[in-house]
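Contents: one structure, followed by commentary.
The values are calculated or read from the model by the stated rules, or taken from the named source; none is laboratory data. In this text, all values refer to a predicted model and were calculated from it rather than measured experimentally. Here the Cβ positions follow ideal geometry from the backbone for every residue, glycine too, while neighbour counts run over all protein chains shown. Note: areas computed on protein heavy atoms with side chains; ligands, DNA, RNA excluded. Shrake-Rupley method; radii C 1.70, N 1.55, O 1.52, S 1.80 Å.
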Amino acid sequence: MPATIAVGTQWGDEGKGRVVDVVAKESSIVVRYQGGHNAGHTLVVDGETFALQLIPSGILYDHVTPVIANGVVVDPIVLLAEIDSLERKGVDCSRIKLSSHCHLVMPYHQALDALNEERLGDSKIGTTKRGIGPAYSDKAARLGVRMEHLADPRTFRRMVEAALLDKNHLIREVHGHEGFDPAELAERFLDELAPRVMPYVTDTVDLLHDALGRGERLLFEGAQATFLDVDHGTYPFVTSSNPVAGFASVGAGVGPGVFDRVVGITKAYVTRVGSGPFITELEDETGDILVDRGREYGVNTGRRRRPGWFDAVMGRHAARLNGLTELALTKLDILDTFETIRVCVAYEVDGAQRRVMPDRFADLERAKPVYVELPGWQEDISGCTELHQLPKRALDYVKFLEHEVGVPIGLVCVGPGREQYLQFGQ
Ligand code: GDP
Ligand code: IMO
Ligand code: MG
């Protein structure tokens, strides 16, 4: 049976974790295909909150095998801490499968991420400082260390030493900080981490193809989002991987033909963490209301997320880039109190209106939002689990977004809880 991809359509934190948790109900395997512990995915089940960084959001179902595939970069210290924390809450993590091709996020990656940001000063990206960019850089430069190397101490020591040759130079000479001792670092990883991590490591490509061969339905979960994609996002204010749906194939080792459903996870407004252009950004009281009501603070870093109105130009572009077959709309309830709600339907660049995303960063920086104003419903919708319970104006808002983006909306979420959603549009 074919497979589903769930992908963020904005700048992250759309509610991917909670939507994946809903869709995972019908899947035997949930696969993370890129990113690392820069992600923070929240699930609320029976009033209990789970914040996941590396582990796929299907973990809370007993019938789901969670797979961390080759495209993900993994800090084993963080992974083990996440496993411990879930197991303390009674979640069985023995089912987790980790690709032997996953690259390791090493302490020197984390150090370099922070030092680079410091050096950039006002031009900083605003990264999560988790070492994600440096780890993907090493992967591309063929200096990366993979999970499989933890099983081969001689190779592991040699690779850490090779990776640190130029990095220690950079850390000491350029940044003026203390470097890392390769032998000490390698021994720590081999002695303390390898014995605990290796039991999860396996050939995940084989595992996924076996499942596909048995006709099982698989779900592929993207971290970050379309506009943080290193190719298609607001470069250079992006992450260092490819969250877009097309990468699910590369990041997990399955052909593109297996996918028949691509769910674009979309917040009913927009947020962004870190630097970079944001056309519908609200730097006023309305923005504060969105942040307060939506509790828009990073799961991972605690940073305040920048708020803004819904941007249909981004939605249309995300539909193209990912081949979206449907949208899952989240956090509609956060708009409950507004008298009027704005939606950006086009950008104005140098006096001309355009409905398509500008191709050049310089145009994006100059773009101004063209808004349509809709009436708010000013009613609590957090208890609506059936379409007919939704107030007419809330229904009209959702239909307007569907029309503007041009992709059918399947799911509408009205609260963080697992059951707080309704099926839209059948
Ligand atoms: P992700 O990174 O895309 O998985 O999203 P995050 O977990 O970082 O941020 C989404 C936040 O919104 C989390 O705190 C969720 O619990 C919460 N959330 C998700 N969907 C809804 C919703 O429909 N309504 C409300 N009020 N909160 C939601
Ligand atoms: P989830 O999966 C929101 C942002 C950072 C920064 C940029 C680069 O929870 O949606 P990085 O550490 O990746 O090199 O930082 O990307 N960023 C996210 N923003 N949600 C995320 O993940 C993010 N992961 C990275 O804030 O602007
Ligand atoms: Mg998040």
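The set of residues in the stretch 121-148 that are within 20 Å of Arg188 (Cα to Cα) and either open to solvent by 30 Å² or more (accessible area, probe 1.4 Å) or without any contact (Cβ under 8 Å) to a residue 12 or more places away in the chain (or both) comprises Arg130, Leu143, Arg146, Glu148.
For the stretch 16-40, filtering for residues that are farther than 17 Å from Ala245 by Cβ, within 13 Å of ligand 3 (Cβ to nearest atom) and either open to solvent by 10 Å² or more (accessible area, probe 1.4 Å) or over 11 Å from the mean Cα position of the chain (by Cα) (or both) leaves 3. In this entry, Ala394 passes the filter for residues that are buried (at least 18 other Cβ atoms within 10 Å of the Cβ), in a helix (DSSP H, G or I) and in contact (Cβ under 8 Å) with a residue 24 or more places away in the chain. Within the stretch 291-332, if we keep just the residues that are part of a helix (DSSP H, G or I) and free of Cβ contacts under 8 Å to residues at least 40 places away in the same chain, the residue that is most open to solvent (accessible area, probe 1.4 Å) turns out to be Arg320. Can you find a residue that is within 14 Å of Thr226 (Cα to Cα) and more than 14 Å from ligand 2 (Cβ to nearest atom) anywhere in the stretch 287-307? Scanning the stretch 287-307 turns up no residue that is within 14 Å of Thr226 (Cα to Cα) and more than 14 Å from ligand 2 (Cβ to nearest atom).
The residue list Glu173, Glu161, Glu118 contains one member that is open to solvent by 70 Å² or more (accessible area, probe 1.4 Å), in contact with a Pro (Cβ under 7 Å, 6 or more places away or on another chain) and not polar (S, T, N, Q), which is Glu161. Output the number of residues of the stretch 68-98 satisfying the condition of being assigned to a helix (DSSP H, G or I) and among the small types (Gly, Ala, Ser). Result for the stretch 68-98: 2.
Considering Leu43, Leu54, the condition of being open to solvent by less than 10 Å² (accessible area, probe 1.4 Å), within 12 Å of ligand 1 (Cβ to nearest atom) and closer than 30 Å to Gly276 by Cα is satisfied by Leu43 alone. Out of the residues in the stretch 176-187 that are within 15 Å of Pro107 (Cα to Cα) and outside any helix (DSSP H, G or I), state the one that is least open to solvent (accessible area, probe 1.4 Å). Per the stated criteria, the residue is Gly179.
Could you go through the stretch 57-67 and let me know if any residue there is in contact with a Lys or Arg (Cβ under 7 Å, 6 or more places away or on another chain), more than 16 Å from ligand 1 (Cβ to nearest atom), more than 22 Å from Leu228 (Cβ to Cβ) and at pLDDT below 95. Looking through the stretch 57-67, none of the residues is in contact with a Lys or Arg (Cβ under 7 Å, 6 or more places away or on another chain), more than 16 Å from ligand 1 (Cβ to nearest atom), more than 22 Å from Leu228 (Cβ to Cβ) and at pLDDT below 95. Just one of the listed residues (Val258, Val230, Val205) is under 23 Å from Thr127 (Cβ atoms), surrounded by fewer than 20 Cβ atoms within 10 Å (Cβ to Cβ), away from ligand 1 (no atom under 16 Å from the Cβ) and β-branched (Val, Ile, Thr), namely Val230. Of the candidates Ala248, Ala225, Ala252, the single residue that is away from ligand 2 (no atom under 16 Å from the Cβ) and of a type in the set (Gly, Ala, Ser) is Ala252. Just one residue in the set Gly251, Gly287, Gly276 is open to solvent by less than 10 Å² (accessible area, probe 1.4 Å), touching a residue at least 24 places away in the same chain (Cβ under 8 Å) and away from ligand 3 (no atom under 16 Å from the Cβ); that residue is Gly251.
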